[in-house]
Structure formats: structure tokens, C-alpha cells
């Protein structure tokens, strides 16, 4: 694990960090780690592959496809 030091942090930002950490019941250090991880980790899509494909190719298909009868 790496260690970093943040210098010249505004007092207002430090206070906001302290309040956010207290609301969640953990340390300012843990809150800073969570914020950095959330900001730097790509968000996972909240829908499946089929939905992703439909969204990706929606501009190519002018009208919805009709399914044949069973």
C-alpha cells in the first residue's frame, strides 16, 4: 500500500471531509480513500450486454424489429 500526503488543503474542504466521514462512521482517511476510489474507478454499467448492444446500435435500426409468431 502507498501513502500520500495532501498539502495546502483548504480548511473548508477538510471540514467537509470530516463531516462526510462522521456521517458514515469512519475516519477522514477512510473517507478520502473512498472518494478517490470512486472518482478514479470506472463505473460499472447497471444494465446487461443486451441492453448495451441495443443502445449502441439504436441509431442503425430505424424501427423496432417484429418477432415472428411462435
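Bear in mind that the values in this text are calculations on the coordinates, not laboratory data. Since the model is a prediction, treat every value here as computed from it, not as a measurement.
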Margin query: Angle check, please: helix 28-40 long axis (alpha carbons) against the longest principal axis of the chain (alpha carbons), in degrees 0 to 90, nearest 10.
Written below: 30 degrees
Next item on the list: Compute the long axis of helix 11-24 from its Cα atoms, compare it with the longest principal axis of the Cα atoms of the chain, and write down the angle in degrees, 0 to 90, nearest 10.
Entry: 70 degrees
Item checked: Cα convex hull of the chain, projected area averaged across orientations, nm² -> 10.2 nm²
